[in-house]
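Q: Please see the structure below; I have some questions.
The values are calculated or read from the model by the stated rules, or taken from the named source; none is laboratory data. Because the structure is predicted, anything quoted here is derived from the model rather than measured. All Cβ positions, glycine included, derive from the backbone under ideal geometry; neighbour counts span all protein chains shown. Ligands, DNA and RNA are stripped out before the accessible areas are found, and what is left, the full protein with its side chains, is counted by its heavy atoms. Shrake-Rupley method; radii C 1.70, N 1.55, O 1.52, S 1.80 Å.
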Amino acid sequence: MARQARALATRQAVLLAAAEVFDERGYAAATMSEILDRAGVTKGALYFHFRSKEELALAVIEGQGAWLGTWQPSSDSPVQTLIDLGYAFAHALQDDPLVRGSIRLTIEHGSFTQPQIAAYQGWSDVARGLLERARDAGDLHPGIDLTAAAGVITGAVTGIQLSSQVLTDRQDLIQRMSDMWTLLLPGLVQPHALARLSVAERVPSPS
């Protein structure tokens, strides 16, 4: 058990170091030796877990799914859940190196042997699923193309986080997220449902 715990800790240290280096330098410029130095593990330990830079990068990308799997909504409203998820993702981009590294790698998907589209598709699927629930609840305007709406939302989030990164190192990302929802929601959600939503970030109540 102790050996297994050490192996898991080593793997996590390598993933964190790789995410930081990929975020800072991009996939092409990052080197395994730099990741090795950042992780503080032996070369043998690194290659025991990851046989190549691409395999390591793909494991970092998978961190998006892991993050999404641990996030818990605090609203029964599917649209509010979608809004809250956007804000949670914005904070993860500000604070979580694994999420930041995975997003840069996702954007650079063409650098890999096989272009990586699963992460994009995963976010679109989540958005569409929530929109389907909102449609079934009668919250959306009639005739909304859910696939198009999910694509616009995920594309908008991608665009604003990139702009925020370049212009302010993501310091204004929360405000940009608020602006996005303020502009998009009236075109998606019927007035009676819109009145029940908090477009601004909701701060959880103390437990």
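Q: Taking the Cβ of residue 193 as the centre, find all other residues whose Cβ is under 13 Å away and add up their charges (Lys, Arg: +1; Asp, Glu: -1). Walk me through the intermediate numbers first.
A: Working: positive: 133, 135, 196; negative: 76, 136, 139.
Net charge in that neighbourhood comes out at 0.
Q: Per the helix-only calculation at 222 nm, which mean residue ellipticity applies to the chain, given -39500 (n - 2.57) for every DSSP H run of n ≥ 4 and division by its residues, nearest 500 deg cm²/dmol? Don't skip to the answer; put the middle values down first.
A: Working: 11 runs with 151 residues, N = 207.
Roughly -23500 deg cm²/dmol at 222 nm, from the helical runs in the chain.
Q: Report the semi-axes of the equivalent ellipsoid for region 1-99 in whole Å, largest first, where each axis is √(5λ) for an eigenvalue λ of the Cα gyration tensor. If you can, show how the numbers build up before the last one.
A: Numbers: eigenvalues 179, 54, 20 Å².
Working from the Cα gyration tensor, I get semi-axes of 30, 16, 10 Å.
Q: Quote the accessible area belonging to residue 145 in square angstrom, nearest 10, computed with a 1.4 Å probe and with ligands, DNA and RNA left uncounted.
A: Using a 1.4 Å probe on the heavy atoms, I get roughly 90 Å².
Q: With a 1.4 Å probe and every protein chain left in place, tell me how much accessible area residue 170 has, in Å² to the nearest 10.
A: Approximately 10 Å² of residue 170 is accessible to the 1.4 Å probe.
Q: From the Cα gyration tensor of region 10-68, with a ≥ b ≥ c the square roots of its eigenvalues, which class applies: rounded if a/c is under 1.5, or else prolate if a/b is larger than b/c, or else oblate? List each step's numbers first, then the result.
A: Details: a/c = 1.61, a/b = 1.22, b/c = 1.32.
It comes out oblate by the Cα gyration axes.
Q: Could you work out the local net charge near residue 100, counting Lys and Arg as +1, Asp and Glu as -1, over the other residues with Cβ closer than 10 Å to its Cβ?
A: -3
Q: Still on this structure: Could you point to the residue in 41, 16, 83 farthest towards the positive end of region 1-146's charge dipole, with +1 and -1 charges on the Cβ of Lys/Arg and Asp/Glu respectively?
A: Comparing the listed Cα positions along the dipole, 41 ranks first.
Q: Now for a different question. Ranked by accessible surface with a 1.4 Å probe, highest first, in what order do 8, 36 come?
A: On the way: 8 110, 36 35 Å².
Listed by decreasing accessible area, they come as 8, 36.
Q: Compute a Gaussian network model of the chain, connecting alpha carbons closer than 10 Å, and tell me which residue from 118, 29, 92 fluctuates the most.
A: Result for the chain, Cα springs under 10 Å: 29 fluctuates most.
Q: How much of the calculated P(r) for region 132-188 lies past 18 Å, in percent of all Cα pairs?
A: Values: 648 of 1596 pairs.
Roughly 41 percent, rounded to a whole number.
Q: OK, next. Near the amide H of residue 189, under 5 Å away, which other amide H atoms are found, from residues 5 or more places off or on another chain, if H is placed in the peptide plane?
A: HN-HN under 5 Å from residue 189: 141.
Q: Here is a follow-up. Per-residue accessible area for residue 126 at 1.4 Å probe radius, Å² rounded to 10?
A: Surface open to solvent at residue 126 totals about 50 Å².
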